[in-house]
Amino acid sequence: MSSDLDQALRVRQQARARRRNRRITLGALIALVLAGLVWLVGFSPLLVVDDVEVTGTALTSPDDVVAAAAVPTGTPLARVDAGAVTGRVEQLTTVADARLVRAWPRTVRIEITERTAVYQIAQDPGYGQVDAEGVVFVTSTERAAAPLATLADADDQDLRADVATATNALPQDMRDRLTAIEAGSMDSISFRIDDDRTTIFWGSAEQSGEKASVIEALLAQGGDYTTYDVSAPSRPAVS
């Protein structure tokens, strides 16, 4: 009887030992595979950068993007610092946003979102297009399609940004009818629509959403008014 028990114990111990050995072997194999993957992705010459592609550009030269990105050829693709690359690209004046995509096995793709004009200002010479952040991102000798703004201080980016905020708040149909923008200061923004027949005094860029709702309602009411003052949206005035 004792011999049978001893035999059973030995069988169980051997089974446990085999299971333990299998676990150890499996763990070692997994560790080796992971180490191989880390080496392959992070250090192998098989997965290094040998091409930089640029998409989304119209105003920006792809060559300028590649130069600004400064991605060293031969860098392991996984180790390219996406934040540093896109940060450098976003220093280009015409670039609003940049995104880096790793296109395995050997390509970095930089996807560009360019700035778009909210309005334009007259410069010497030509015209500068201004985006939503008040950045003058491109200058041309001919007027673009964006409305022309006359600013008391066209060099003041804060003023340019406030004018852009107010302009972007206008309902789209009103923006389509916009013919001129004026800003004597940050508190005296005004718009002219319908071939300058109607003037809208906006005031500052504050409460622009509320002002947009008020002017839309006032214009919908009709009437022979040529001037609308929504600088205090709770107390609009017409004349």
**OP:** Tell me the GluC sites (Glu not before Pro) within the range 111-149 that lie in a loop according to DSSP and have at most 14 other beta-carbon atoms within 10 Å.
**Re:** E133, E142
**OP:** Output ³J(HN,Hα) for the range 106-118: one whole-Hz value per residue in order, computed from phi by the Karplus curve 6.51 cos²θ - 1.76 cosθ + 1.60 with θ = phi - 60°, and x for Gly and Pro.
**Re:** 9, 10, 9, 10, 10, 9, 9, 10, 8, 5, 10, 7, 8
Subject >> Pairwise FRET efficiency - E210 versus V101, Cβ, R0 = 45 Å, nearest 0.05 >> reply: 0.65
Subject >> Calculated FRET value between T75 and E111, using beta carbons and R₀ = 30 Å, to 0.05 >> reply: 0.95
**OP:** Would you kindly compute the Cα radius of gyration of the chain and its largest Cα-Cα separation (Dmax), both in Å?
**Re:** 32.1, 115
Original post:
Given the Cα-Cα distance of A232 and R18 and 0.36 nm per residue of separation, how much length would full extension add, in nm?
Top reply: 68.7 nm
**OP:** List, largest first, the extents of the alpha carbons of the range 153-239 along their principal axes, each in whole Å.
**Re:** 38, 27, 22
Subject >> HN-Hα J in Hz across the range 173-179 - Karplus 6.51, -1.76, 1.60, θ = phi - 60°, x for Gly and Pro >> reply: 5, 6, 5, 5, 9, 6, 10
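The numbers here are math on the coordinates, done by the rules we state, and not lab data. As the structure is a prediction and not an experimental result, all values here were calculated from the model. Positions of Cβ are generated from backbone atoms using ideal geometry, with glycine treated the same way; all protein chains shown enter the neighbour counts.
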